[in-house]
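**Student:** My questions will all concern the structure given below.
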Amino acid sequence: DRKLAERKPELAIRHVNGSVWRDNKGGAWVNPYDERVWAYNVAIAREALSMGFSELQWDYVRFPDVTDRLRSVMAYPGARGKSRADNIRDFLLYSRRELEEFEVPIAADVFGLVTHVEDDLGIGQQWEKVITAADVVLPMIYPSHYYAGLYGFQRPHANPYGTVLMASTDAVERTRWVKDSTSSTVGEVMPWLEAMSIR
């Protein structure tokens, strides 16, 4: 929410020099660790649900997707040592508690690659944490965003069926593993597919 970060810089991700951190397009980002940002977003969701929307889908529920060089100068007031992945999970759980009265599914979009990699891609989206925090998780399986060689495809965007199948299979298998090994309640997997190509 760039407007919020610009108008309320105290809620923004900081640069290590104390100024507002900006991405390579010059945009400010709100600090995902700041619980005032959580409350702000939940207030918007509450308003939408009060108008009759039947579900809530969190998009961009993540940290900025940037290079390690840019990440090295970012500072997060209030992080207190909590990992990015734990923070995103905790926000989703918080939103579920705060909006429980509406009895609607709480969904979260995640990068498609999150179904495949073990870490959080540097953005706080780790499959095992998100799938236990949301009612529905929508991996954005966009073949045009996958790197050459993944799943054995030199050109994943030229193999959309195979890429979607493999990524979805990863999501289902990892979700089953979480459910079976931890006895946790898990969300539904609902792939979010692209109908275009960035290439």
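**Student:** For segment 1-41, which trypsin sites (Lys or Arg not before Pro) are both in a DSSP coil and crowded by at most 11 other Cβ atoms within 10 Å?
**Tutor:** The qualifying sites are K25.
**Student:** Right, something else. From the phi angles alone, apply the Karplus equation (6.51, -1.76, 1.60; θ = phi - 60°) to segment 94-109 and give each ³J(HN,Hα) in whole Hz, x where the residue is Gly or Pro.
**Tutor:** These are the phi-based 3J(HN,Hα) values: 4, 5, 4, 5, 5, 10, 4, 4, 7, 6, 10, x, 9, 10, 9, 7 Hz.
**Student:** Measure out, as a whole number of angstrom, how far apart the alpha-carbon centroids of segment 1-30 and segment 129-199 sit.
**Tutor:** The two parts, judged by their Cα centres, are 31 Å apart.
**Student:** Treat every Asp and Glu Cβ in segment 1-82 as -1 and every Lys and Arg Cβ as +1, leave all other atoms uncharged, and give the resulting dipole magnitude about the Cα centre to the nearest 20 debye.
**Tutor:** 300 debye
**Student:** State, to one decimal in nm, how far the label point of E47 lies from the label point of A79, with both points 7 Å from Cα in the Cβ direction.
**Tutor:** Using points 7 Å along Cα→Cβ, the separation is 3.1 nm.
**Student:** Treating only the Cβ atoms of Lys and Arg (+1) and Asp and Glu (-1) as charged, compute the dipole magnitude of segment 86-199 about its Cα centre; round to the nearest 20 debye.
**Tutor:** With only Lys, Arg, Asp and Glu charged at Cβ, the dipole is about 480 debye.
**Student:** Under a Cβ-only charge scheme (Lys and Arg +1, Asp and Glu -1), can you give me the dipole magnitude of the chain about the Cα centre, in debye to the nearest 20?
**Tutor:** It comes to approximately 760 debye.
**Student:** Modelling each spin label as a point 7 Å along the Cα-to-Cβ direction, I'd like the D68/A158 distance in nm, to one decimal.
**Tutor:** Placing both labels 7 Å along Cα→Cβ, they lie 3.1 nm apart.
**Student:** Between S19 and L193, what length in nm is gained on full extension when 0.36 nm per residue of separation is reduced by their alpha carbon distance?
**Tutor:** Stretched out fully, the S19 to L193 stretch lengthens by 58.9 nm.
**Student:** I want to verify the translational diffusion coefficient of the chain in µm²/s; compute it with Stokes-Einstein, Rh as the Kirkwood radius over Cα pairs, at 20 °C and 1.002 mPa s.
**Tutor:** Translational diffusion coefficient: 120 µm²/s.
**Student:** Once every DSSP H run of n ≥ 4 in the chain is given -39500 (n - 2.57) and the sum is divided by its residues, what mean residue ellipticity at 222 nm do you get, rounded to the nearest 500 deg cm²/dmol?
**Tutor:** Here the helix-only value at 222 nm equals -10500 deg cm²/dmol.
Each reported figure results from applying straightforward, stated rules to the coordinates on display, with no laboratory input. Computed from a prediction, not measured in an experiment: that's the story for all the values here. No Cβ is skipped: glycine too gets one built from the backbone with ideal geometry, and neighbour counts run over all protein chains shown.
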